[in-house]
Amino acid sequence: MSEQKLTGAQIVIKALKDQGVDIIFGYPGGAVLPIYDALFQQNDLRHVLVRHEQAAVHAAEGYARSTGKVGCVLVTSGPGATNAVTGLLDALCDSIPLVCLSGQVPTHLIGNDAFQEADTTGITRPCTKHNYLVKDVDNLARTLHEAFYVARSGRPGPVLVDIPKDVQFADGTYVPPTEVKHKTYRPQVKPEIARIEEAIELIANAKRPVFYTGGGVINAGPFAAKLLTQFVKTTGFPITSTLMGLGAFPASENQWLGMLGMHGTYEANLAMYECDVMINIGARFDDRVTGKLSAFSPGSKKIHVDIDPSSINKNVAVDIPIVGDCGAVLEDMLRIWKARAKSPDKAALKEWWGKIEGWRARNCLNYNRTESVIKPQYALERLREALRGKDHYITTEVGQHQMWAAQFLPFDQPNRWMTSGGLGTMGYGLPAAIGAQLAHPDAIVVDVSGEASFLMNMQEIGTAVQYRAPVKIFILNNQYMGMVRQWQELLHGSRYSQSYSEALPDFVKLAESWGCVGLRATTVAEVDQVIEKMLAVTDRPCIIDIAVDPKENCFPMIPGGKAHNEILFGPDDSPSDATPEDGMVLV
Amino acid sequence: MENVIEKHTIAVLVDNEPGVLARVIGLFSGRGYNIESLTVAEVNNADHLSRITLVTSGTRMIIEQIKAQLSRLVPVHRVHDLTDEGPAVERELALVKVAGTGDKRIEALRLADIFKAKVVDATLTSFVFELTGTTEQVDDFVGLMTQLGLVEASRTGVVAMSKGPAAF
């Protein structure tokens, strides 16, 4: 079977099918016409035509993150590939498994500045986990299978395969995935048991412990999230998570402290600051989380579980590094915890929880509840109530609305929350929502958005309409690039340089022009009504324009360069003495 | 955390495939690490393996990061820190061109003899010396030649190998 001759384009289709791909997001062009021709002549692989290549990658990310599978993208050479770059880097930063196929000019023209030629492997080298240029059709199948293996193994990430047009036409030999083994790439999945044993001793003797978890748990699969939940409940320890890790532990549990970091809760950040044992599972001590490094959790012993050895001791020196898959590590941790009949220090833990409850009582997410204007937090609270008990997925764009969504929407399951964390890509949410919706046609998919972010990829409404993806674009419209405005207010003397959203369209009419449903809320009373109407729409996209308080800022906030115990709670906290000079340069 | 800057010689075994050197160099420039020298050539023709020897400097934390980041590159087989892993032999090869006549020319030739440099090209007004030695020896030789009519120097950068019978 492995000796059949196919064209390069047919090899691509066969390899994708053999890799379990059912949807591919793409945009045709000259250098990928043979592949599009092969796509046309089959019915197993569904192609979703986006309106811009960046959106193809984000849609594949939404698909990947909501299913745990590898997302797949097809773009043409030159501008097709360069448009995909932002999406590729987004997937790299958030460790999302993708395979992106790009067309390339025929091999004999490479290097000649041909029409729509770009040095795609050169451009994408720092934006992908790995990339390939396939110059020989007989290497194509092997390379594609390797690409999927590299994308999904270890710390997942995007892999690009650049395929010249003549290679797509040429006849070659197909090899099935079972016959392909990567020469070198063998990420460490199983942890060292000695390290786990050390960690268990530290955990069992902790007086003020905290779990700090991240996207690594989500990437390790729902099984890892289940093990995490089990371990956290067994110990009775408090748990917080990064933006990327939301949903790994149920937010409805009392042990959940909420998200940590720059816009995290008071209780989560103070628990991090005052803990004596920090158990980091699948998070990477990102600067949004640590704040001022020299004042980061100064008194704690730190355990760090990560599948990527380069994450260990990168930003924060740790006491017990454990390299391995979060699921495998948690499995071993639970097993050894039970085998050694460990139990937490109940008295110390009680005292610790007492302290945490005190911080919790500060009610840091409280906001000024008013009837005169729609507060963005209120709109999200109402969305939360409306979605309760319903099968739903949330994506976001980037900015204030994203942080409010992380603060106000609870996630009880993994793979339900998709947001651009590492790269912070405005315009991510709508295409990601389309990807998630196509993977879960019967679920409710909401893109929590801001008006400025929405404008960045709003052409994708066309895609959603074409494929009848009933995504809900929930725009918290404050007529500003809210997070930019917030920083300008706090750090730049309220000089709102270029952060006002001038010349906005009428979002309701915009929706109608595409044949979608457009809804608007301008008063508090209307919020519930539009949410109800929005949820009733199941056959087409829906744009919801919610006119929220333009001046509202996102709190709590740890300004750049400050420590976890130096939190701003609201507009009454003075910003002037909040940010030191050296913090100003931080983003 | 110690902030002492250390100098390390690192050997990296990689698949000899297009772009592999660009990946290594891109990693250093993208993450702001130093490269003091870098040499690369295929060392195993049958398996298409190349060996990169690079000399870099940084704090202990940075050196560990560099090794972890290098190991993470998909075409990288092995990364060895020769500075950490025990005694290693390090050598550089240099070609040094010196032009001049009279006493300076004689002195250059005399010094070349002391340094065991070979004359690989000679004209009536110039020499090209070939010198193999440690970086310091090459530095010293080039330094001396500067005063005796140095025209240009070309250096390979460090290649290195651990001492003893064990293979890399």
Problem - Failed item in (1) farther than 30 Å from A:A464 by Cβ; (2) surrounded by 18 or more Cβ atoms within 10 Å (Cβ to Cβ); (3) touching a helix residue (DSSP H, G or I) at 6+ places or on another chain (Cβ under 9 Å), with A:S497 passing the rest - result: (2)
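Can you confirm whether B:R91 is over 23 Å from A:Y185 (Cβ atoms) and within 14 Å of chain A (Cβ to nearest Cβ)?
Against the criterion (over 23 Å from A:Y185 (Cβ atoms) and within 14 Å of chain A (Cβ to nearest Cβ)), B:R91 does not qualify.
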Problem - Residue list for segment A:460-509, filter: of a type in the set (S, T, N, Q) and closer than 27 Å to A:A60 by Cα - result: A:T463, A:Q466, A:N477
Fill in the blank from the handout: For segment A:527-548 the number of residues that are closer than 14 Å to A:I475 by Cβ and not in a strand (DSSP E or B) is 5
Handout entry: Hits in segment A:299-321 - residues which are more than 13 Å from chain B (Cβ to nearest Cβ) and either free of Cβ contacts under 8 Å to residues at least 12 places away in the same chain or of a type in the set (A, V, I, L, M) (or both)
Key = A:I303, A:V305, A:I320
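Report yes if some residue within segment B:10-19 is part of a strand (DSSP E or B), surrounded by fewer than 15 Cβ atoms within 10 Å (Cβ to Cβ) and more than 12 Å from chain A (Cβ to nearest Cβ); otherwise report no. Reasoning before the result, please.
So in segment B:10-19, the residues part of a strand (DSSP E or B) come out as B:10-15.
Checking which are surrounded by fewer than 15 Cβ atoms within 10 Å (Cβ to Cβ) leaves us with none.
Among the residues of segment B:10-19, not one is part of a strand (DSSP E or B), surrounded by fewer than 15 Cβ atoms within 10 Å (Cβ to Cβ) and more than 12 Å from chain A (Cβ to nearest Cβ), which makes the answer no.
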Exercise for the section: Just need a number here: residues in segment B:36-49 that are part of a strand (DSSP E or B) and within 13 Å of chain A (Cβ to nearest Cβ). Expected result: 2
Practice task
Please specify each residue of segment A:183-214 satisfying the condition of being free of Cβ contacts under 8 Å to residues at least 60 places away in the same chain and either touching a helix residue (DSSP H, G or I) at 6+ places or on another chain (Cβ under 9 Å) or within 14 Å of chain B (Cβ to nearest Cβ) (or both).
Solution key: A:K183, A:T184, A:Y185, A:R186
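Filter segment B:60-75 down to residues that are facing chain A (nearest Cβ under 7 Å) and under 23 Å from A:Y132 (Cα atoms), then give me how many there are.
6
Scanning for something among the polar types (S, T, N, Q), surrounded by fewer than 20 Cβ atoms within 10 Å (Cβ to Cβ) and at positive phi, does segment A:357-379 turn up at least one residue?
Taking segment A:357-379 and keeping what is among the polar types (S, T, N, Q), we get A:363, A:366, A:368, A:370, A:372, A:377.
Now drop any that are not surrounded by fewer than 20 Cβ atoms within 10 Å (Cβ to Cβ), which leaves A:363, A:366, A:368, A:370, A:372.
This time we only want the ones that are at positive phi, so: A:363.
So far as segment A:357-379 goes, yes, one or more of its residues are among the polar types (S, T, N, Q), surrounded by fewer than 20 Cβ atoms within 10 Å (Cβ to Cβ) and at positive phi.
Scan segment A:262-302 residue by residue and report those that are of a type in the set (V, I, T) and over 24 Å from the mean Cα position of the chain (by Cα). Let's see the steps before the verdict.
In the first step, residues of segment A:262-302 are kept if they are of a type in the set (V, I, T); the result is A:265, A:277, A:279, A:281, A:289-290.
Correct list: A:V277 only.
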Practice task
Kindly provide the set of residues from segment A:535-576 that are within 30 Å of A:K390 (Cα to Cα), touching a residue at least 24 places away in the same chain (Cβ under 8 Å), surrounded by fewer than 22 Cβ atoms within 10 Å (Cβ to Cβ) and aliphatic (A, V, I, L, M), ordered by number.
Solution key: A:L535, A:V537, A:A547
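Tell me, yes or no, whether segment A:518-532 has at least one residue that is of a type in the set (A, V, I, L, M, F, W, C) and within 26 Å of the chain's Cα centre (by Cα).
Within segment A:518-532, the subset of a type in the set (A, V, I, L, M, F, W, C) is A:519, A:521, A:524-525, A:527, A:530-531.
Within this subset, residues satisfying the condition of being within 26 Å of the chain's Cα centre (by Cα) are A:531.
Within segment A:518-532, one or more residues are of a type in the set (A, V, I, L, M, F, W, C) and within 26 Å of the chain's Cα centre (by Cα).
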Completion exercise
Going through segment A:1-29 in order, the residues found to be over 32 Å from the mean Cα position of the chain (by Cα) and of a type in the set (G, A, S) are A:S2, A:G8
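Taking helices (runs of 4 or more DSSP H) that do not extend beyond segment A:328-413, which have at least 3 residues that are aliphatic (A, V, I, L, M), over 19 Å from the mean Cα position of the chain (by Cα) and modelled with pLDDT of 95 or more? Don't jump to the end; show me each part of the working.
Details: elements: A:346-360, A:376-387, A:400-408.
Of the helices (runs of 4 or more DSSP H) lying wholly inside segment A:328-413, those with at least 3 residues that are aliphatic (A, V, I, L, M), over 19 Å from the mean Cα position of the chain (by Cα) and modelled with pLDDT of 95 or more span A:346-360, A:376-387.
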Completion exercise
Filtering segment A:476-512 down to residues that are at pLDDT below 95 and in a strand (DSSP E or B) yields none
Exercise for the section: State whether the residues of segment A:228-238 include one that is free of Cβ contacts under 8 Å to residues at least 60 places away in the same chain, in the same structural domain as A:A268 (by TED's automatic domain parsing), surrounded by 15 or more Cβ atoms within 10 Å (Cβ to Cβ) and out of contact with any Asp or Glu (no Cβ under 9 Å at 6 or more places or on another chain). Expected result: no
Practice task
Quick one: in segment A:143-161, of everything that is in a helix (DSSP H, G or I) and hydrophobic (A, V, I, L, M, F, W, C), which residue is nearest to the other protein chains (Cβ to nearest Cβ)?
Solution key: A:V150
Completion exercise
(1) over 23 Å from A:V548 (Cα atoms); (2) among the polar types (S, T, N, Q); (3) outside any helix (DSSP H, G or I) all hold for A:Q437 apart from (3)
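Name the one entry in A:V527, A:V508, A:V517 that is in contact (Cβ under 8 Å) with a residue 60 or more places away in the chain and in the same structural domain as A:H392 (by TED's automatic domain parsing).
On the way: A:V508 fails: in contact (Cβ under 8 Å) with a residue 60 or more places away in the chain; A:V517 fails: in contact (Cβ under 8 Å) with a residue 60 or more places away in the chain.
Result of the check over A:V527, A:V508, A:V517: A:V527.
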Completion exercise
Only one of A:A433, A:A452 is hydrophobic (A, V, I, L, M, F, W, C) and farther than 27 Å from A:I558 by Cβ, namely A:A433
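Conditions (1) over 20 Å from B:L21 (Cα atoms); (2) within 14 Å of another protein chain (Cβ to nearest Cβ); (3) touching a helix residue (DSSP H, G or I) at 6+ places or on another chain (Cβ under 8 Å), marked per residue:
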{"position": "A:Y63", "(1), (2), (3)": "yes, no, yes"}
{"position": "A:L89", "(1), (2), (3)": "yes, yes, yes"}
{"position": "A:C93", "(1), (2), (3)": "yes, yes, no"}
{"position": "A:I96", "(1), (2), (3)": "yes, no, yes"}
{"position": "A:S102", "(1), (2), (3)": "yes, no, yes"}
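Out of all the residues in segment A:104-131, which are within 30 Å of the chain's Cα centre (by Cα) and either among the polar types (S, T, N, Q) or more than 9 Å from chain B (Cβ to nearest Cβ) (or both)? Can you show your working first?
Going residue by residue through segment A:104-131, those that are within 30 Å of the chain's Cα centre (by Cα) are A:104, A:118-131.
Correct list: A:Q104, A:A118, A:D119, A:T120, A:T121, A:I123, A:T124, A:C127, A:T128, A:N131.
The values are calculated or read from the model by the stated rules, or taken from the named source; none is laboratory data. The structure presented is a predicted model; accordingly, all values stated were derived computationally and were not measured. Note: ideal-geometry Cβ built from the backbone for every residue, glycine included; neighbour counts use all protein chains shown.
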